[in-house]
Amino acid sequence: MSLKVGFIGTGGIARNHMENLKTLQAEFVAMCDVDEERAAKAADQYGGKAYADPRRMLDEVEMDACFVCLPPFAHGDAERAVIERGVALFVEKPIALTMELALELEELINKNGIIASVGYQWRYADSVAAAKAALADRPIGMMLGYWIGGMPGVWWWRRRETSGGQAVEQTTHIFDLARYFGGEVTEVYAAHAQRFLHREVEHFDVDDVGTVTLKFESGAIANISSSCIAPYRVGLDLITKDEVISISGHGLTTIKRGERSNQSFSDNPYLKQDQAFLEAVKSKDPSKILSSYSDAVKTLRVTLAANESAAKGEPVKL
């Protein structure tokens, strides 16, 4: 049986999900976007009726699940509308720009028994599963994380009030991965700076370099760095006694004394993430979802604390 699926937001990341869902048991029934022409183009390509108003869409079209693929500043009303109607919810990260909104939506999801998943697709990657298996039960001493690349082209990314900055919007994947391996964070200490792009890019007011130190309940520590000034590296290094396990998208490198091995993978973690969500909706069993809404709230708390720490110049305890 095909699940009836709708979308709120039909931009680039939404199209990624739509391509995945074409290969799964999903029927596109509605597309919604503030740009109704863009919604109409998505509906023409994938199916369903086009809307500019999410509430009208949800009132007029019956669906089993809805994908909310909006910029960070636009979260809130769309999720409330989906939750109120008892529809399963997939939300792209970051889930909000304030803890107040994230906690409100988390409470509504839990109160209404909504199956919800958040777009932290790294958790589904074969490289991450292989790293989990390689670690087994050995404790992690520390982690080094990176998201150092170019500046995304969308207008809202370069504004603090609309994106939250790189740690919140982009490097959130690495913070989430560090939590996935290291557990819960107890303290955050960050230094962020504007070095180049605020002079070169119009309306740019986020930081273009930053580094964050995390302390975990387990006693492990981590350093996670962000930058949008140059292509370099995206990934997470797990450092345990006598071994380093380095995750980089589709690659996994293991370094021991006098020994280095590399593995490469060709999986599509976005597809596996979407499949896990649809299976959870069908079975009404969320156990295969690796990033619940409540889990994503914890990751958001860490990245917002990083912004707070950088602004205050002092550690923030969680």
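What follows draws every value from the coordinates through simple rules; no lab data is involved. Treat the numbers as computed from the prediction; the structure is a model and nothing was measured. Using ideal geometry, Cβ is built from the backbone for each residue, glycine included, and neighbour counts are taken over all protein chains shown.
The table that follows gives values for the structure above.
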{"read-out": "ARG85-GLU37 FRET efficiency (beta carbon distance; Förster radius 25 Å; 0.05 resolution)", "value": "0.45"}
{"read-out": "Theoretical FRET efficiency, 1/(1+(r/R0)^6), r = Cβ-Cβ of GLN45 and PHE73, R0 30 Å, to 0.05", "value": "0.65"}
{"read-out": "Under 26 Å from the Cα of LYS312 - lysines, other chains or at least 8 residues apart", "value": "LYS93, LYS215, LYS298"}
{"read-out": "Set of aspartates and glutamates near LYS241 by C-alpha distance (under 13 Å), chain-local residues within fewer than 8 positions excluded", "value": "ASP137"}
{"read-out": "Gyration tensor (alpha-carbon) shape descriptor, the chain, a/c threshold 1.5", "value": "prolate"}
{"read-out": "Degrees between helix 172-182 axis and first principal axis of the chain (Cα, 0 to 90, nearest 10)", "value": "60"}
{"read-out": "Relative contact order, percent, segment 1-148 [alpha-carbon distance under 8 Å, six or more residues apart]", "value": "18"}
{"read-out": "Two-site FRET efficiency, ARG160 against GLN263, from Cβ-Cβ distance with R₀ of 45 Å, rounded to 0.05", "value": "0.70"}
{"read-out": "The chain: relative contact order as a whole-number percent, Cα under 8 Å and 6+ apart", "value": "19"}
{"read-out": "Cα gyration tensor category, rounded, prolate or oblate, for segment 37-181 with a/c compared to 1.5", "value": "prolate"}
{"read-out": "Gyration tensor (alpha-carbon) shape descriptor, segment 196-244, a/c threshold 1.5", "value": "oblate"}
{"read-out": "Set of lysines with alpha-carbon distance to LYS41 below 22 Å, sequence-local pairs under 8 removed", "value": "LYS4, LYS22, LYS49"}
